[in-house]
Each structure stands twice: as structure tokens, then as C-alpha cells.
Amino acid sequence: MWKRIDHQLKIKTRDGPQASQLKELGPAQELTMPHPLAPSEFQSFPVFEDISYHIKEAGAQLVKKVNAIFQLDITKNGKTILQWTIDLKNGSGNMFPGPARLPVDTVFTIPEPVFMELVLGKMNPQKAFLAGKFKVSGKVLLGQKLQRVFKDWAKH
């Protein structure tokens, strides 16, 4: 049986440390970004921005066809340098930098050069996956739907 206990804190103005007891802290550390460079310095960043515009234009149709949320973790030397989320499950679709805000159906972890070859159609996604050039977690078969989105974007 659970017992609820309500406690109200009573704080007096004289409670707490005196000024002579306070320790000065050093400067606050800046939040570290997953990459040391500006996003625009990556080959894939303009591609992601362009795909984002395409999704804004054709998002409603893509949501009907795809019905999934993807997260793409772009890596360099084994470390994530960029993250993008493609939401083709809700509303009229959305694509934004950063991790997904909702549960993801599929996460792709792809080195940037491999991503560029895949999105530009220079590399077969199935062969690249089977060769271990990138990793997929979640619903692997949804990758085929994402491939269609990239092909559709490349036509425009």
C-alpha cells in the first residue's frame, strides 16, 4: 500500500550559507557540440537543407507514402558530427537538424562520404549496407522508403 506524504519546506531568510561561506566557481563551460566545425563546413549540410525544402513542398504526399520517422547520424572518424531528423509520419512532414523529438522508426549511422555517395545515387544502398559501410537500427526495411524520398529529391 502506498502512503502519500506531503511536506512543505519552510525556508527562513536567515537559512543557508553566509557570504563568507560561499565559494567562487570558475567560468561556466560552454556546451560542447558534437562537431568542432560549423555545420555549413560539411559536404552533407547543403544537401540536408535542400532535402528539407523538398519535404516542405511535397511533405503531405510523402507522409502518406512513407509513414515513418528517420534519424540520420552522420559520422566522421567514428564520431557523430551531424544529426538530422526526417519526420514523414506526422502532419505534412518535417525535417530538422538534431535528434528526433518523437520515437524514431529507423536510425541510420552513416559516414559523411558514404552518405554523399548514397544520396547522389553513386552507391547502391543495399550493397553498401550489406558491405557494412553504414549501420541501421530499428525497422531496417523502411530504409527503402527513405531511398525513394532521396531519389524523388534528386529529380527536382
Viscosity 1.306 mPa s, temperature 10 °C, Stokes-Einstein D of the stretch 57-116 from Kirkwood C-alpha radius, µm²/s: 134 µm²/s
Relative contact order (%) - the stretch 56-128, alpha-carbon pairs under 8 angstrom, separation at least six: 32 percent
Dimensionless Rg/Rh of the stretch 72-156 - Kirkwood Rh, Rg from C-alpha atoms: 0.93
Trypsin sites (Lys or Arg not before Pro) restricted to the stretch 96-156 and DSSP loop, no more than 15 other C-beta within 10 Å: Arg101, Lys122, Lys139
Fraction of accessible area attributable to carbon and sulfur, the stretch 88-156 (%, probe 1.4 Å): 58 percent
Cα gyration tensor shape of the stretch 111-156, rounded if a/c is under 1.5, else prolate or oblate by comparing a/b with b/c: oblate
Label-point separation, Asn77 to Gln126 (7 Å along Cα→Cβ), nm: 3.6 nm
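The values are calculated or read from the model by the stated rules, or taken from the named source; none is laboratory data. The model shown is predicted, which means the values in this text are computed figures rather than measured ones. Quick reminder, even Gly has a Cβ in these numbers, built from the backbone with ideal geometry, and neighbours come from all protein chains shown. For accessibility, only protein heavy atoms count, side chains too; no ligands or nucleic acids. Shrake-Rupley method; radii C 1.70, N 1.55, O 1.52, S 1.80 Å.
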